[in-house]
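Comments concern the structure below.
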Amino acid sequence: IIKGYPDGRFLPDEKVSRAEFISMVNRALGNTSTGSIRFSDVSSGAWYYSDVSKAVTAGFVSGFNDGTFRPNHKITRQEAAVMLARIVPTYGYSANLNRFADYRSIDDWAYTALSKVSGKGYISGYTDGKIHPLDSLTRAQAAKIISDITAKETIVTTDPVVKKDGTKLSGRIYSNNVTIHKDLDDDDATVDNCVILGKLIVQGGGDNTVTVNNSRIANAVVNRSADSVKVLAKGETA
């Protein structure tokens, strides 16, 4: 997941760039979907081009308003938290960030994500009682966070197919696609507190509902040819 350098060193205290971090995350998750990207500072020949494409398609990272991606910018701890909150199931998790002496330095756009990721135990404070949201993430910290995620989360790299009435997918990261098969017919299925980084493909299910509860779906395709289907997004679903 994380590689050393040709000179035989790991450089644990070296700061991690945005491109390096998403590359590590992609390798840990095994997501394969790609799409077209247009950033003025990401050329098709760059080593990170495919990783940026995968990360943008999975919806856990985006570019900036000026059309750049800034692949070589060092990623801050709060920026990493926002990405991580989009790839791990976080419903029901939150930490009281006010206990950290520097909580006021957390940007508004990162506060909820950092609270959730901290609540899951992936980003914690320092011995000085601070969480250091604006500090750059180091290679050692990235290694610890990602290894914890691979150990604690259920990551599904295959593409499951749901055909049985009452099936409930719960608390998992689906790296690629999940298909609600046409053989489900008019029956029910539930996706609960999951993250789908590929597509949720809905081919079956009736008016008695395919329910998506407190989950994040990067892309959804609803295409039932036989009849209507109700897809209900509940709670914190995005």
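The values are calculated or read from the model by the stated rules, or taken from the named source; none is laboratory data. These numbers come from a predicted model, not from an experiment. FYI the Cβ positions are ideal-geometry reconstructions off the backbone, even for glycines, and counts take in every protein chain you see. Accessible surface areas use protein heavy atoms only, side chains included; no ligands, DNA or RNA. Shrake-Rupley method; radii C 1.70, N 1.55, O 1.52, S 1.80 Å.
Would you mind counting up the charge near SER23? Only other residues with Cβ under 10 Å from its Cβ, with Lys and Arg at +1 and Asp and Glu at -1. Let's see the in-between values first.
Numbers: positive: LYS3, ARG18, ARG27, LYS54; negative: GLU20, ASP51.
Here the charged neighbours net out to +2.
So for region 145-238, if I pair up every lysine 8 or more residues apart or on another chain, how many of those pairs have alpha-carbons under 27 Å apart?
So the count works out to 20.
Only four residue types carry charge here, +1 at the Cβ of Lys and Arg and -1 at the Cβ of Asp and Glu. Report the dipole size of the chain about the Cα centre in Debye, rounded to the nearest 20.
Details: 29 positive and 26 negative charges, 89 e Å.
Roughly 420 debye, rounded to the nearest 20.
Whenever you get a sec, compute what percent of the accessible area on region 1-119 sits on carbon and sulfur atoms (1.4 Å probe). Don't skip to the end; give the middle numbers.
Values: 2790 of 6020 Å².
C and S fraction of accessible area: 46 percent.
Cα convex hull of region 1-135: mean projected area in nm², to one decimal? Before the final figure, lay out the partial values.
Working: hull surface 37.5 nm².
Result: 9.4 nm².
Just the Kirkwood number for region 16-65, please: inverse of mean 1/r across all distinct Cα pairs, in Å, one decimal. Before the final figure, lay out each step's value.
Working: mean 1/r = 0.0915 Å⁻¹.
One decimal place: 10.9 Å for the Kirkwood radius.
Enter the accessible area per residue of region 67-155 (Å², integer; probe 1.4 Å; all protein chains in place). Let's see the in-between values first.
Values: 4060 Å² over 89 residues.
It amounts to 46 Å² per residue over region 67-155.
Hey, if you put +1 on the Cβ of every Lys and Arg and -1 on every Asp and Glu Cβ in region 1-132, which of SER50, TYR103, TYR122 ends up farthest toward the positive end of that dipole?
So the residue we want is TYR122.
Would you calculate the convex hull of the Cα atoms in region 84-183 and tell me its volume per residue in Å³?
Working: hull volume 12.3 nm³, N = 100.
Taking only Cα atoms, region 84-183 has a hull volume of 123 Å³ per residue.
Can you list the residues, at least 5 places off or on another chain, whose amide H is less than 5 Å from the amide H of ASP187, using H built in the peptide plane?
HN-HN under 5 Å from ASP187: GLY205, GLY206.
For the chain, list the DSSP H helices whose alpha carbon atoms reach 18 Å or more along the long axis and whose average Kyte-Doolittle value is -0.5 or above? Provide the component values of the computation, followed by the final result.
Working: long enough: 139-152 (20 Å, -0.01).
Correct list, ordered by number: 139-152.
List the residues, sorted by chain then number, that are 5 or more residues from ILE201 or on another chain and whose placed amide H is less than 5 Å from its amide H.
Long-range HN contacts for ILE201: VAL178, THR179, ILE180, VAL221.
Give, to the nearest whole percent, the P(r) tail of region 119-238 beyond 21 angstrom, counting all Cα pairs.
Values: 3332 of 7140 pairs.
The proportion of pairs with Cα distances above 21 Å equals 47 percent.
Using a 10 Å cut-off on Cβ atoms, rank the peptides 67-73, 185-191, 117-123 from the highest mean neighbour count down.
On the way: 67-73: 16.1, 185-191: 19.1, 117-123: 20.9.
Top to bottom by mean Cβ count within 10 Å: 117-123, 185-191, 67-73.
For the peptides 200-206, 232-238, what is the packing order when you average, over each peptide's residues, the other Cβ atoms within 10 Å and list the highest mean first?
On the way: 200-206: 21.7, 232-238: 13.4.
Result, highest mean first: 200-206, 232-238.
Highest mean first, how do 103-111, 169-177 rank when packing is the count of other Cβ atoms within 10 Å averaged over residues?
The most tightly packed comes first, giving 169-177, 103-111.
Obtain the radius of gyration and the Kirkwood radius of the chain from its C-alpha atoms and give Rg over Rh. Spell out each step's value before the answer.
Numbers: Rg = 19.1 Å, Rh = 19.0 Å.
My calculation puts Rg/Rh at 1.01.
First select every other residue whose beta carbon is under 12 angstrom from the beta carbon of ASP13; then total the charges, Lys and Arg +1, Asp and Glu -1.
Details: positive: ARG9, LYS15, ARG139; negative: GLU14, ASP135.
Overall, the nearby charge balance is +1.
Among all the aspartates and glutamates, which ones have a C-alpha under 20 Å from LYS130's C-alpha, if same-chain residues fewer than 8 places away are not counted?
ASP13, GLU79, ASP102, ASP107, ASP108
Stokes-Einstein D for region 184-238 at 25 °C, 0.890 mPa s, Kirkwood Rh over Cα pairs, in µm²/s? Before the final figure, lay out each step's value.
Values: Rh = 11.1 Å.
The calculation lands on 221 µm²/s.
In whole percent, and with a 1.4 Å probe on the protein chains, what portion of the accessible area of region 142-238 is carbon and sulfur? Mind dumping the intermediate values first?
Working: 1940 of 4630 Å².
The computed percentage sits at 42.
Applying 1/(1 + (r/R0)^6) with R0 = 30 Å to the Cβ-Cβ distance of ASP66 and LYS144, what FRET efficiency is obtained, to the nearest 0.05?
Details: r = 33 Å, r/R0 = 1.08.
With a Förster radius of 30 Å, E is 0.40.
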